[in-house]
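Peer 1: Here it is: the structure, laid out below.
Read-outs: derived from the displayed coordinates by stated rules, not from any lab. What you see is a predicted model; the values in this text were computed from it and never measured. Cβ atoms come from the backbone with ideal geometry, glycine included; neighbour counts cover every protein chain shown.
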Amino acid sequence: MKKLPYCSKCGTKLKEEDKFCFKCGAPLPKIVKEEFSISADNLIEKIKELLHEGNITRIIVKDEKGKVLLEIPATVGVIGVVIAPWLAALGVIAALATNCRISVERTE
C-alpha cells in the first residue's frame, strides 16, 4: 500500500511511510493500487465505469510497454463536464494503441 505524496489538507510534501502529516497532524488515507489489462476498444467504457465507482483517486493509462499515456486525477471524475476532454484524449489513445494497462489508485 502506498501513501499520498502530499497532505490532502495542507499540501505538505510527505514520505511514503508517514501515517500523519507532520505539519497539520491530519491522518493519511491508505492508497490501494490495482492494474487492469484491457483492449483499446473497451478503454473508454472501462474508464467511465471506474470513475462512477467513486473511491478512485487517480487513473493512469499506459501502453503495452508501460509508458504513461494519460493520467486522470480524481477531481475530474467528480465533475462530468470537465471529463469530456479526457474522454476525447482516451479516444485518440484507443485509436493508436492495441492494448492498454489501466492503473487505478483507490483510498481505503
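Peer 1: Can you compute the modelled spin-label distance between Glu34 and His52, with each label point 7 Å from Cα toward Cβ, in nm?
Peer 2: Each label point is offset 7 Å from its Cα along the Cβ direction, giving 1.5 nm.
Peer 1: Here is a further query. What residues qualify as long-range amide H neighbours of Leu69, i.e. H under 5 Å apart, gap of 5 or more or another chain, H built at 1.01 Å from N?
Peer 2: Residues meeting the amide H criterion: Val61, Lys62, Asp63.
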